[in-house]
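The values are calculated or read from the model by the stated rules, or taken from the named source; none is laboratory data. As the structure is a prediction and not an experimental result, all values here were calculated from the model. Heads up, the Cβs are rebuilt from the backbone with ideal geometry, glycines too, and the neighbour counts pull from every protein chain shown.
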């Protein structure tokens, strides 16, 4: 695994921990935002396996991730949707001030981000046996 990938996965882990703490403290909208960023960093880590340059716009990262992973590799299929859902939820959380978020929503995004991180760690280290169990767990998140 490249050092750039390791850094992004570490950043994702930190964002998931922050999302958990924020949800526990009833800051659900901010928790959802942190969960989305965790998934974005995980997607970037995967894309670095294929390329040296990652797009700077979120939509471009999401599109490239779908092209190279979720549309072509069944293992990553649900994560393209999770990433898009996460971006939409983050935008609502950050910019729609009248809209409220719930603990259930925050937990759902945290679980998705954690499953994505776990799957990606296994994938990038080629430890394929746990990947299958991570996929099953991810399927139960929804």
Practice problem: Could you tell me which numbered condition residue 28 fails, if it satisfies all but one of (1) at pLDDT below 90; (2) in contact with a helix residue (DSSP H, G or I) (Cβ under 8 Å, 6 or more places away or on another chain); (3) farther than 17 Å from residue 116 by Cβ? | Solution: (1)
Exercise. Could you figure out which of (1) closer than 16 Å to residue 123 by Cβ; (2) modelled with pLDDT of 95 or more isn't true of residue 48?
Key: (2)
Quiz item: Which of the helices (runs of 4 or more DSSP H) contained wholly in the range 11-108 include at least 1 residues that are surrounded by 22 or more Cβ atoms within 10 Å (Cβ to Cβ) and more than 12 Å from the chain's Cα centre (by Cα)?
Solution: 28-47, 77-95
Quiz prompt | Residues being exposed (fewer than 15 other Cβ atoms within 10 Å of the Cβ) and part of a helix (DSSP H, G or I) - total across the range 1-10 | solution = 5
Practice problem: Could you check residue 11 against (1) in contact with a helix residue (DSSP H, G or I) (Cβ under 9 Å, 6 or more places away or on another chain); (2) within 19 Å of residue 120 (Cα to Cα); (3) modelled with pLDDT under 95 and say which number it fails? | Solution: (3)
Quiz item: Hey, any hits in the range 129-142 for a residue that's at pLDDT 90 or above and over 19 Å from residue 18 (Cα atoms)?
Solution: no
Quiz prompt | Filter pass, residue 112 being modelled with pLDDT of 90 or more, more than 21 Å from residue 6 (Cβ to Cβ), within 15 Å of the chain's Cα centre (by Cα) and surrounded by 18 or more Cβ atoms within 10 Å (Cβ to Cβ) | solution = yes
